[in-house]
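Notes follow once the structure below has been shown.
The values are calculated or read from the model by the stated rules, or taken from the named source; none is laboratory data. Keep in mind it's a predicted model, so treat the numbers as computed, not measured. Note that each Cβ is placed from the backbone with ideal geometry, even for glycine, and that neighbours are counted across all protein chains shown.
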Amino acid sequence: MTEFNDYFTPRLHEDFQFNKNQLNEAGLIQLANLYINEGEPYEEQIGEFILDWLDERDFVEVKTSGSTGTPKIIKISKEFMVNSAKATGKFFKLPEQTTALLCLPASYIAGKMMLVRAMVLGWHIDSVQPKSNPIDQVFKRYDFCAMTPFQLDNSLARLHLIKKLIVGGGAVSVPLKRLVQGIPTKIYETYGMTETVTHIAARRINSKKSRKKQLPFKVLNNVTVAQDDRNCLVIKAPMVADETIVTNDVVELVTYKKFFWKGRIDHVINSGGVKIHPEEVEKKLQNIILQRFFVTSLPDDALGEKLILFVEAAFSEEVLQHLKEEIQHSKKLDKFEKPKKIYFVEKFEETHTGKINRLNTLKARLD
């Protein structure tokens, strides 16, 4: 691997600004130490990453989200992070002096990469506390920002402050996609993972075209995609990953540059010989259920597995009966896609990044 100092010169773009301050490397290190010693918890995370980024190692240790298993620490090449930053800048047309807002925790790859993009591309980036409504106290317009779907849902009233927004960390629900139509902000749903140094594909969700029909994900430069014999996505991204990445994401391939995401194969439910993708069922249920929910399965003597539904709400007999009637009369749901049992849970178990931990929620309810 190329030595860090050989491929990243200078370490900071001359146009880089952080929280309105033009900082050289020494000044940035001083600020990072100040954040670590005296800052808020989210600022401490920023300070720790800045020191990691500016040290002599050619990699950064990053924690995976744990959305599909136990979180783990992996090493990501700084060269790959630089390549990812440049690819994002080119794909979304974000040159030097782009104004950006960091509202994601710097303890995970999405937050780290916002800082890397700013340092590498020469952006003017400001940071705010990562919370559910991060722009509620923001009174400045920004060219670019990254959020989770939950943050987007809580920021609709002030979204005019952001010109371009990428949304990752989970699928954007159908109701949320409806809510963002007509908003001038260009909003993109992204596809990626820690192992691909955040997103390798994106699609606009509030353009004139996307209002009429769902658009496929389009991959960034130097990325190609294929399918394996399970119809799962295979990613070749030599600029951000040493090896070909075989995912558990079932896709419909359009070309080697475009695809539709269908769901995860490791969530597939085999009920009476019929294979059910929970994510597809959840899309259909989003028109019926307003609260957070998910579908999963339990063993069944007759069917092998039976489909069940979890809703994040206090139990109500009236709500239960209404929900059963809505599901029963839904024309979008096939016979096998209608849950056999419905559970109400006041608060779902969550991963470190705020995603629903399906397995732990299931265990907690059934124990």
Within region 72-90, does at least one residue satisfy the condition of being small (Gly, Ala, Ser) and assigned to a strand (DSSP E or B)? yes
Has region 107-127 got any residue that is acidic (Asp, Glu), outside any helix (DSSP H, G or I) and closer than 29 Å to ASN222 by Cα? no
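So that you can scan it fast, the table gives a plain yes or no per residue for (1) of a type in the set (Val, Ile, Thr); (2) surrounded by fewer than 14 Cβ atoms within 10 Å (Cβ to Cβ):
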| site | (1), (2) |
| --- | --- |
| LYS218 | no, no |
| VAL225 | yes, no |
| ASN231 | no, yes |
| VAL234 | yes, no |
| ILE245 | yes, no |
| VAL250 | yes, no |
| ASP266 | no, yes |
Give the residue, chosen from PHE344, PHE348, that is surrounded by 18 or more Cβ atoms within 10 Å (Cβ to Cβ), out of contact with any helix residue (DSSP H, G or I) (no Cβ under 6 Å at 6 or more places or on another chain) and over 27 Å from GLN227 (Cα atoms). PHE344
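For region 296-335, name all the residues that are among the hydroxyl-bearing types (Ser, Thr, Tyr) and within 31 Å of the chain's Cα centre (by Cα).
If the condition is that a residue be among the hydroxyl-bearing types (Ser, Thr, Tyr) and within 31 Å of the chain's Cα centre (by Cα), then THR296, SER297, SER330 are the ones that fit.
How many of the residues in region 237-254 are part of a strand (DSSP E or B), free of Cβ contacts under 8 Å to residues at least 60 places away in the same chain and over 15 Å from PHE217 (Cα atoms)? Before you say what the answer is, go through the steps one by one.
Initial filter on region 237-254 (part of a strand (DSSP E or B)): 245-254.
Cutting the leftovers down to free of Cβ contacts under 8 Å to residues at least 60 places away in the same chain gives us 245-247, 249-254.
Still in the list and also over 15 Å from PHE217 (Cα atoms): 245-247.
Adding up the residues that qualify gives 3.
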Pairing a residue in region 139-153 that is within 12 Å of CYS103 (Cβ to Cβ) with any residue that is acidic (Asp, Glu), where Cβ atoms lie under 8 Å and the two sit 6 or more apart in sequence or on different chains, gives TYR142/ASP126
Any chance ALA110 is farther than 21 Å from LYS177 by Cα and touching a residue at least 40 places away in the same chain (Cβ under 8 Å): yes
Members of region 261-279 that are part of a loop (DSSP other than H, G, I, E, B) and either small (Gly, Ala, Ser) or in contact with a Ser or Thr (Cβ under 6 Å, 6 or more places away or on another chain) (or both): GLY272, GLY273
Based on what the data block shows, is LEU253 modelled with pLDDT of 95 or more and either within 22 Å of VAL172 (Cα to Cα) or under 20 Å from the mean Cα position of the chain (by Cα) (or both)? yes
What number of residues within region 179-208 satisfy the criterion of being on the phi < 0 side of the Ramachandran plot, part of a loop (DSSP other than H, G, I, E, B) and not small (Gly, Ala, Ser)? 7
For the condition over 17 Å from GLY354 (Cβ atoms), crowded, with 17+ Cβ neighbours inside 10 Å and not basic (Lys, Arg), what is the one hit in PHE144, PHE139? PHE144
